[in-house]
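Quick one: this structure, given as structure tokens, is what I'll be asking you about.
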Amino acid sequence: MIWFLEGQASQRDIILGAIEALPSSVQVLASHRQDRPEITGVAHLSFVEPEDRSERIEWIIRTSLGHSVKVVLAGRVGGAYEAHRAEFEAAGLTLVTGGVSTRTFDLVDDKARFTAEAKRVGLPCIPAITVKTAAELRAAYDAFSPSGEVCIKPVVGIYGQGFWRFKEGVDPFRCFAHPDARQVEFETYHRIFDATPAREPMLIMPYLPGSECSVDMVCEAGKVVAFVGRRKVDVHQTFERFSPATDLAIAAAEHFGCDGIVNVQTRDDASGNPHLLEINPRYSGGIGYTRETGINLPGIFATRRLGLPKPSQKWISGVRVKAISVAVAVPS
């Protein structure tokens, strides 16, 4: 048995990929804190997780033992589960959190520490300055802006929340009228930033003009065993393997001790050279797209962790995909 705890909406893709690869005799369990039958309903058994985190740990262990679960994958807040690894191991359970220790999460969740560590070991990374005050914000902007466009994002965050590009000459109201464009004039942002004295730390960095590569991968104790790179090209996504971007992503995942189904993001500079953006020690929202390449990453993860033959891999080149919304009937 294998259990996939609450994750992003792509938890559904993870479950389906695992079921496809596993023998019919192996059951897949899934759970979520919310009523999400469109996700958990595709598993053999599904549960609603307790809201209280401390109660949740004990409940997961007890339920796992009651259903002969061998492997538990944390789909989100892996660091919180990592802190309880000893409890899972004492119960004979294999816990997969995204990292091999709390050090992984300490380094990758704090983007300032992540950037400093990547630079220390020679992994190409976008330089960044941490700011907490309006004065620090202006000083950092002045340091980077002579060389080109500048951007800002939270030190800790997901889903691109809080990311903005400083674009001179745009309508100051654009950030309100078209927030998805993520463009704002620096002086407008600075005035708003300065309006409240206490701010969470933010990172200022150059904005690289090249495309991003999002690399989904399966890792085992700091070793990458399977991967697929994705790029957004207009409204489509394309795929790649054994490219400079995927090579860099693999090196980063292995250095930071990733373990499980994780995602590493890079961005190219004007010359096409990749630089690290971040490591997400969890599966990405778009991991389901990678199935179209002939590589079943969730299936590879599940079979290897359970000691079963992994699914065949036959890379299909030249694939393009486009996400569409599909209605799914769910039980009331």
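Read the figures in this text as sums done on the coordinates, not as results from a lab. Predicted model, so just to flag it, every value in this text is computed and none were measured. Cβ atoms come from the backbone with ideal geometry, glycine included; neighbour counts cover every protein chain shown.
In whole percent, what relative contact order does segment 209-321 give with Cα contacts below 8 Å and a gap of six or more residues?
27 percent
By how many nm would the segment from N273 to R182 grow when fully extended, if each residue of separation counts as 0.36 nm and the alpha-carbon distance is taken off?
Contour length minus the Cα-Cα distance gives 30.4 nm.
Also, quick follow-up: Which FRET efficiency value, to the nearest 0.05, do you get for R174 and E58 by plugging their Cβ-Cβ distance into 1/(1 + (r/R0)^6) with R0 = 51 Å?
Efficiency computed from Cβ-Cβ geometry: 0.55.
Could you work out the mean projected area of the convex hull around the alpha carbons of segment 209-321, in square nanometres to one decimal?
Average of the hull's projected areas for segment 209-321 equals 6.7 nm².
Order of 292-302, 145-155, 322-332 by packing, highest average Cβ count within 10 Å first?
Order by mean packing, descending: 292-302, 145-155, 322-332.
Still on this structure, I have one more. If we sort 277-287, 88-98 on the protection proxy, mean other Cβ atoms within 10 Å, highest first, what's the order?
277-287, 88-98
Calculate, in nm to one decimal, what A195 and E38 gain on full extension: separation in residues at 0.36 nm each, minus their alpha carbon distance.
Additional length available on full extension: 52.3 nm.
Past 28 Å, Cα to Cα, is the threshold; run K119/K314; K111/K223; K223/K314 against it and keep the listed order.
Flagged as over cut-off: K119/K314.
Need the full-extension length gain, S68 to A329, defined as separation in residues times 0.36 nm minus the C-alpha distance. One decimal, nm.
90.9 nm
Give a quick list of chymotrypsin sites (Phe, Trp or Tyr not before Pro) in segment 190-276 that DSSP marks as loop, anything other than H, G, I, E or B, with at most 11 other Cβ atoms within 10 Å.
In loop regions of segment 190-276 (DSSP not H, G, I, E or B), the sparsely surrounded chymotrypsin sites (Phe, Trp or Tyr not before Pro) are F242.
Still on this model: Under the √(5λ) rule applied to the eigenvalues of the Cα gyration tensor, what semi-axes describe the equivalent ellipsoid of the chain? Give them in Å, descending.
36, 22, 20
Under the √(5λ) rule applied to the eigenvalues of the Cα gyration tensor, what semi-axes describe the equivalent ellipsoid of segment 40-166? Give them in Å, descending.
40, 16, 12
OK, next. Across segment 127-206, what fraction of all alpha-carbon pairs, as a whole percent, falls in each successive 10 Å bin from zero upward?
19, 56, 25, 0
Now for a different question. Given segment 172-244 reduced to its alpha-carbon atoms as identical point scatterers, what log10 I(q)/I(0) does the Debye formula return at q = 0.18, 0.22, 0.23, 0.25 Å⁻¹?
These q points yield log10 I(q)/I(0) values of -0.92, -1.05, -1.10, -1.19.
So, one more: Run the reach check for K322 against lysines, Cα to Cα strictly under 18 Å, same-chain hits fewer than 8 apart removed. What comes back?
K232
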